[in-house]
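Quick notes on the structure that follows.
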């Protein structure tokens, strides 16, 4: 049930994302791990976008809160880089 729902949701969000089978892992675990990495990339993009939004509407006075948008953007970019590098490493191992 969970696997079919995850495949349906991620298939509609990421049309060409089909996780590479990882040698030595069961098929279900491999697919969940692969889709999970793609979802981490999507959440990283969302966090970076939310950081840009917060930067546009932040209170620019001296009362603080000026660094919060950069925390969101930095966390989002870090998630994209880590998940992207894991995806490329796994594809090179499995491919």
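The values are calculated or read from the model by the stated rules, or taken from the named source; none is laboratory data. Since we're looking at a predicted model, the values are computed, not measured. Note that each Cβ is placed from the backbone with ideal geometry, even for glycine, and that neighbours are counted across all protein chains shown.
Pairing residues of the stretch 37-54 that are under 17 Å from residue 84 (Cβ atoms) with residues that are at pLDDT below 85 and not in a helix (DSSP H, G or I), at Cβ distances under 6 Å and at least 6 apart in sequence or on separate chains, gives 38/14; 38/17. Between 52, 32, the distinction of being in contact with a helix residue (DSSP H, G or I) (Cβ under 8 Å, 6 or more places away or on another chain), at pLDDT below 80 and either surrounded by 12 or more Cβ atoms within 10 Å (Cβ to Cβ) or on the phi > 0 side of the Ramachandran plot (or both) belongs to 32 only. Residue count for the stretch 81-95 under the criterion of being in a helix (DSSP H, G or I) and at pLDDT below 75: the result is 3.
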